[in-house]
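Data block below; observations after.
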Amino acid sequence: MTQPEEKKAKNGSRAKKVRNIILKILGAIVIAIVLFLGIVYITNVISSNSEAKKIEPYGQHVSVDGKNMNVYIQGEGKETIVLLPGYGTAAPALDFKLLIDELSPFYKVVAVEPFGYGLSDGTEKERTAENIVSEVHEALQQLNINKYMLMGHSIAGIYGIDYVNKYPDEVTAFVGIDSSVPTQPGIDAKLPTKMFGFIKKSGLQRLVVKFGGDPYAGLPFDDHTVEQMKMLSNKNSNSSTMLNEMDHISSNFKGAQGLTFPKDLPLLLFVQRKNEDVLGWIPLHEGQIKDSVHGKVIIMDGSHYLHHTKFKEIAEDVRAFMNEAK
C-alpha cells in the first residue's frame, strides 16, 4: 500500500470513529429525552390523581345539556349579579372570591362556571359564543334566576354583548372588568392549540407552572384558596374543552362585531389604564358607551385581573352606578 493510500485509510478510519462517537452521543441524548419525558408524564399522572382527591367542592351543580355546570351563590340581596369569567380562568368562583365578598352584603352574587371551568364538566360541544351563552342562560333558568346584572371579565365582554342582545328582558345592566371589545386588534392570530394540547398531556405544563412565577404572589388570597386554584389550574388549563374555546376565539370575536350594547342598558366598564398588548384599549371602551343613555368608563391602575386588587373599589363603584341608574 502506498503512502497516500495508507493516509487515506487512516483518515477514513478516524472519520468512522468520529461518526460512531457522534451517533452514540446523539443516541444517549435521545434516550435521556425519552426518559425525561417519561418521568414528567408519570409524575403528572400521579400528581393529577392525588390532586383530584384534594380538590374541595363548592357551590352547586345544575344540569345543563345532560352535564353538570357548577354555580356558586353567595349573598341574599334583592338584586342579583351574575359573574362570568375570562378565558382560561381555571376556578372562576374562587378567582372572583375577593370581589364576591365585597358584593354579597348588598347583592345575591351568582358565579357561573361554564363547561370546562372550575368544577363544571367538560363538553365536546363546540365552544361558540352561541353555545356558551345558551348554556349559561339555561343554568340560570334552572335556578329560577330571571332578573340580574351581568358582570364579566375579559372575553366575557364578547359573550356578554351577545347575551344582553339575546335576553334583553332579563339583564338589568352590564359591567365589564377589563372586558374584551369585538373590534379590538390582534384577534386574527392563529393559536397553536395542538402544541398546548401536547404540553398538557405530556405533563410539561405542570413543570412549566411549577418553575414559573406565582400568579397569586402578593395578592390577598388565603393560602388554602391559592392551593385550590392551583390544583384546578393543573386540571383545567388546556383541557380539550378550553382548547376548543381557544380555536373559536377569532370567530367569536368576529361574530360579535355587528353587535352593540342596547342603548337603554346601563353600561359600566372598568378598564386597565396601561394595556401594552392592545392598541387603543381605553378608546375602544369609550366607544362602547358613547351611545348609552347611562354609560360610564372607570379607568384603574392594575393588571388585566383588576378584581384581584381593586375589588373594594369595583364593588363601591357598582353600587354607586346602579343607584344613579335607577
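The values are calculated or read from the model by the stated rules, or taken from the named source; none is laboratory data. Owing to the predicted nature of the structure, the values given are computational and were not obtained by experimental measurement. A quick note on method: Cβ atoms are made from the backbone with ideal geometry, for glycine too, and the neighbour counts reach across all protein chains shown. Accessible surface is based on the protein model in full, side chains and every heavy atom, while ligands, DNA and RNA are left aside. Shrake-Rupley method; radii C 1.70, N 1.55, O 1.52, S 1.80 Å.
Table for the structure above
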{"item": "Among Val133, Val297, Val45, residue whose mean-square fluctuation peaks in a GNM of the chain (springs only between Cα atoms under 10 Å)", "result": "Val45"}
{"item": "Accessible surface of region 46-88 [probe 1.4 Å, protein heavy atoms]: carbon and sulfur percent", "result": "46 percent"}
{"item": "Reduced Cα scattering model of the chain, Debye log10 I(q)/I(0), q = 0.13, 0.15, 0.16 Å⁻¹", "result": "-0.98, -1.29, -1.45"}
{"item": "Whole-angstrom gap from region 20-93 to region 100-164, using each part's C-alpha centre", "result": "20 Å"}
{"item": "Global form of region 193-311, assessed from the alpha-carbon gyration tensor, a/c cut-off 1.5", "result": "oblate"}
{"item": "Pairs beyond 23 Å (Cα-Cα), from Lys108/Lys290; Lys210/Lys235; Lys97/Lys190; Lys147/Lys263", "result": "Lys108/Lys290; Lys97/Lys190"}
{"item": "Charge-dipole axis of the chain as Lys and Arg at +1 and Asp and Glu at -1 on Cβ define it, positive-most pick from Ile155, Leu219, Ile42", "result": "Ile42"}
{"item": "Highest to lowest packing among 208-215, 121-128, 221-228, 304-311, scored as the average C-beta count within 10 Å", "result": "304-311, 121-128, 221-228, 208-215"}
{"item": "D (Stokes-Einstein, µm²/s), Kirkwood Cα radius, region 65-173, 1.567 mPa s at 4 °C", "result": "94 µm²/s"}
{"item": "Net dipole in debye of the chain [+1 Lys, Arg Cβ; -1 Asp, Glu Cβ; about Cα centre; nearest 20]", "result": "2280 debye"}
{"item": "Radius ratio Rg over Rh of region 177-230, counting only Cα atoms, Kirkwood formula for Rh", "result": "1.09"}
{"item": "Under 5 Å, built H, 5+ apart or other chain: amide partners of Ile299", "result": "Val271"}
{"item": "Cα-based reach from Lys17 at 17 Å (exclusive), listing lysines while leaving out same-chain residues under 8 positions away", "result": "Lys7, Lys8"}
{"item": "Listed residue (Asn20, Ser179, Gln142) projecting farthest to the positive dipole end of the chain, Cβ model", "result": "Asn20"}
{"item": "Solvent-accessible area per residue for the chain (1.4 angstrom probe, square angstrom)", "result": "52 Å²"}
{"item": "Acute angle (nearest 10 degrees) that the helix 223-236 long axis makes with the longest principal axis of the chain, alpha-carbon atoms", "result": "70 degrees"}
{"item": "Cα coordinate range in region 104-231, projected on the principal axes (Å, largest first)", "result": "47, 38, 29"}
{"item": "Region 114-156: Cα Rg divided by the 2.2 N^0.38 Å rule of thumb", "result": "1.21"}
